[in-house]
Amino acid sequence: MENRHAPPGVNTRSQTAAQSAADLEVLREIEHVYFSSPSEFDAARYALEHAPSPPDCDAIEAMFSKLKRQQQVVSGKALHLISQQRDNCDREFAEIQNIRAQLTNTLETCSKARERLKTASNHLTISTFVILANVRKRQIIKSVLKSLQLLQNLRSVETDVAELLNKKEYYEAIDLILKSKKAAAAHKEYTCIADLATRLQDTLDMTEEKLDSVLASICYNFDEDVFKKLKKAYDLLGKTQAAMEQLHMHYSSAVNESALEAIKPYLNEVSLEKKFQEMCQSVPTTKAPVCLLNLCEKLFLVMRSYYLLVNWHAKNEESVPSSNVFDIEKNVSREYIKQKLKAGLIRIWHDVQAKVSTFLKSSGLEDYPFEKFIQMLGILRKLTQVAEIFCGDKSDLLQDFIKTQSVSYIKNYHRGRMEELKLFLENEGWEQCPVKSTFNLQNLQEFKQFKKYLNPVKSEASIAKAQSDATSSAPSQDDSVYISKYFTEKTSRTPFEIFRNENVTNDDIFGIEPESEGSDESDDEPDELRRDFVDDTYRHEYSTTNDYIPSPSKVKESVIVTNTTLSVLRNCGQYLQISRYLPQISLEVIMLMNQLFDYYFYAVHLFFTSDLEVSSSTLYSAKLNSVLKRISNTINVSTEDGASFECPSIPNHLDMESDENLHGLSERIVGVESVIFLAKQYELLHPYLESIVAQHQRMILEHFRDNTLAVVSDLRMPVYMCSASKAVDARSALIAMSQVRWDVKNVAVEHSPYVDMIIRKIQVFALRLENISSRVTLNLEVINSIWAMVSKFIVHLLVEGFSNATKCSNGGRGLMQLDYRQLFVKFEKISRLKPVPYQDYVDKYVKAYYLPRNELEAFVKEKNEYSNKHLIALVSCACENKRDRQALSAIIESKDGTG
């Protein structure tokens, strides 16, 4: 059947591509005249007319074969085209049959209508037709009225929608538009309604834009009622997920907009073309701290809005287990939104963190005043606590940046304090600052917030809590409750509002809220600023006894500090405020504090021992020498960060030459005792400092305490010796001693004249010391230290004088014992030192004259505190045998020490 359209001898299935190409070539060779209309063209005649001439059988056969081949190709092509159009032909034929059937039905209907009209015209009256016509008109009019009513309602949709939107009835507005669109779609036959449908779509688009603007306003101030209405409207539109995507974009924009709005008020000129970083760089340094505060407040409002949004979804959009397909889809949508919101917490915090970091990098932190820098740390601490509540993030990026900037700032600030300390020391008058005897660093405002950590009666549990509070940068449970209330309260307050208070203290900055402590009201005023500091116990009594002058002070404890001492302590308090916020840099801060102490300690030693005229070998302990050498190696040496600290210059305004003021003894006392007081304050801080550093770092603190703070009191010996060595004119005393005959045969009953001379000098020293005590509050420890140095000088003076004797008999040795015993009896009454220190130095030397040969040899070998000169003089007088004298002298000269 498939070959029925093919020309004779042609099989369409067997045709190859080559055959098709050959057929196409045959078609091209057919002359166009053969395709003319039969009425106009006679093919047979045309063929005969063009037959070969003269006739030739082969030529005619060839022509016949060509024409036959052309006919077969044309016939086959025609049948092929007809076969392709057969389906269309059948379809058209079926349509013709259908039309024929419809025409037949129509003719039948018309025939019946004519018959019935004929019947009606024969039996009905004209009034019946009128009634029918009126009924038809009424139906038409009712249809028209209905359409007009629809038109009227559709025309008022825009106004009604605007009113609903003003009333924040978003769901009702969307519902009205959708119903109106549905009604308009049912009446497309009206041209005006078709136009109105377009306007309704525009109204819907404008309404969605209005919803989007309201949605954007949610980012700044979340309103639960408004958001409920918005969500209901978006649910009706079927755009809940799309709305949530758009809302997250709005929150990102809100962070950017809030950051820009926070910066703009602090710029002199605001250019819309400037980027945020450029705007930050344009903020004046003086305005930067308050600008940072404003920035954090603005960004917090956005964070709080998002936090409330997440909480609302958590409470109101719980998934409901169901097997219903529609419910499953809703649950999937809820889960998607939940995950989106959760991820948004981190993303928004990262945006906020980036804005704050950009501002900090561009605002020149190194130029902040210290108080503003501390306030900035407080603001950032609050911000990291907010982040912990907001999304659980530890703010590592911001923390690292704060740490780096803080270390840089504190080192730069420390350089300034060291230069300031050098200036203070070089211009210090070394007068006692009037403070009460109970004064310590806790009375300074800078240490107010540390009182609860420094109280010596604190239990171990309290210290542990202090350590936890000091080292933890994450918010505690109380912090969480405190900050959480700002997230949940329906108010515009923020956790940063405390920094708006001009009277805010650093304790307020670092604490949750100001703590009420049971302290005296008088503690509000720093003790060092009060002048009513002298108690009756500070008054000194004078004695008119000729034999001795009593100790000028009965005070057991006193506080001797200078303004420079207080300045160092205040600097320490400021440094600790930074370490309280950033415990990870506590060790660096403590090392800078120690550097302040070292510099002060070294300067006091340098100033007040520069005129030391006696041998220092017995005045400096090994630890004191080690500390001074260590500090000396660090001064005038550049550190890793390029900082170097110059050695202070010895001030010219100090009078250390006058006998009246005991060669600047009052200044020496104030200098040394202020260093000792400072060391005690560092020791008071030691437990707290240990609590804020890591366990492996505590050895550094212990080393400083044991090897520096513990040896500060050793500074009294060389400094006080500078004045004590001038209490008695050594040259005059030695001359007077040289005039005494030590080779007397009989033991004298009266002491030598030089003893009275030395005692008079000591009495003068005591009177002048009494004058000094009227300016400086001298306690027993200070008094005893001064008299001890006087005693030390006198015993060395006596040994020196005794060693100058070229001849000495037993009577002379007895006179020596009588002299120094009489001298120390009177010295004890004047100084009230019981016993007088260092007198064994003289006693052993004098008694060595009586030692036998073997014991004398052991004496000169073992007693290194005596110089070779003293020992040789002893041997020369004690040994009558020349050989023994030479042997012992050789032993002395072979000793390593030269005395």
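Summary table
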item	result
Filter pass, LYS274 being modelled with pLDDT of 85 or more, among the charged types (D, E, K, R) and either farther than 24 Å from PHE487 by Cα or part of a helix (DSSP H, G or I) (or both)	no
Given (1) surrounded by 13 or more Cβ atoms within 10 Å (Cβ to Cβ); (2) modelled with pLDDT of 85 or more; (3) hydrophobic (A, V, I, L, M, F, W, C), index of the condition LEU423 fails	(1)
Residue satisfying all of: in segment 303-337; among the hydrophobic types (A, V, I, L, M, F, W, C) and closer than 17 Å to LEU230 by Cβ; modelled with the lowest pLDDT among these	ILE337
Yes/no for ASP655 being of a type outside the set (A, V, I, L, M, F, W, C), at negative phi and surrounded by 14 or more Cβ atoms within 10 Å (Cβ to Cβ)	no
Among (1) farther than 23 Å from VAL693 by Cβ; (2) buried (at least 21 other Cβ atoms within 10 Å of the Cβ); (3) at pLDDT below 85; (4) over 20 Å from the mean Cα position of the chain (by Cα) - the single one TYR453 does not satisfy	(1)
For GLU428: the one exception among (1) of a type in the set (Asp, Glu); (2) out of contact with any Gly (no Cβ under 9 Å at 6 or more places or on another chain); (3) modelled with pLDDT of 85 or more	(2)
Only listed residue being open to solvent by less than 60 Å² (accessible area, probe 1.4 Å), part of a helix (DSSP H, G or I) and at pLDDT 85 or above, chosen from VAL26, VAL73, VAL33	VAL73
Verdict on LYS807 being closer than 30 Å to VAL860 by Cα, touching a residue at least 60 places away in the same chain (Cβ under 8 Å), touching a Phe, Trp or Tyr at 6+ places or on another chain (Cβ under 7 Å) and surrounded by fewer than 20 Cβ atoms within 10 Å (Cβ to Cβ)	yes
Close pairs from segment 47-72: first free of Cβ contacts under 8 Å to residues at least 40 places away in the same chain and under 22 Å from GLU25 (Cα atoms), partner hydrophobic (A, V, I, L, M, F, W, C) and surrounded by 12 or more Cβ atoms within 10 Å (Cβ to Cβ), Cβ under 6 Å, at least 6 apart	none
The listed residue being touching a Gly at 6+ places or on another chain (Cβ under 6 Å) and within 25 Å of LEU701 (Cα to Cα), out of VAL568, VAL604, VAL589, VAL627	VAL604
Of residues in segment 823-850 being open to solvent by less than 50 Å² (accessible area, probe 1.4 Å) and not aliphatic (A, V, I, L, M), the one farthest from LEU769 (Cα to Cα)	TYR849
Filtered residues of segment 574-605 (kept if open to solvent by less than 20 Å² (accessible area, probe 1.4 Å) and of a type in the set (Phe, Trp, Tyr))	TYR575, TYR581, PHE597, TYR599, TYR600, PHE601
Cross-chain or 6+ apart pairs with Cβ under 7 Å, segment 685-712 first and of a type in the set (Val, Ile, Thr), then open to solvent by 10 Å² or more (accessible area, probe 1.4 Å) and outside any helix (DSSP H, G or I)	VAL711/SER621
Selection from segment 404-447 of residues that are in a helix (DSSP H, G or I) and either among the basic types (Lys, Arg) or touching a Lys or Arg at 6+ places or on another chain (Cβ under 7 Å) (or both)	LYS411, ARG415, ARG417, LYS422, GLN442, GLU446
Every residue from segment 756-788 that is farther than 21 Å from VAL435 by Cα and among the acidic types (Asp, Glu)	ASP756
Members of segment 606-624 that are in a helix (DSSP H, G or I), open to solvent by 30 Å² or more (accessible area, probe 1.4 Å) and closer than 19 Å to ARG668 by Cα	LEU606
Residue in segment 220-255 that is surrounded by the fewest Cβ atoms within 10 Å (Cβ to Cβ), counting only those that are within 17 Å of ALA354 (Cβ to Cβ) and touching a residue at least 60 places away in the same chain (Cβ under 8 Å)	SER252
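The values are calculated or read from the model by the stated rules, or taken from the named source; none is laboratory data. Everything numeric here is computed off the predicted structure, so don't read it as measured data. Ideal geometry is used to build each Cβ from the backbone, glycine not excepted, and the neighbour counts take in all protein chains shown. Areas reflect the complete protein model, heavy atoms only, side chains present, ligands, DNA and RNA absent. Shrake-Rupley method; radii C 1.70, N 1.55, O 1.52, S 1.80 Å.
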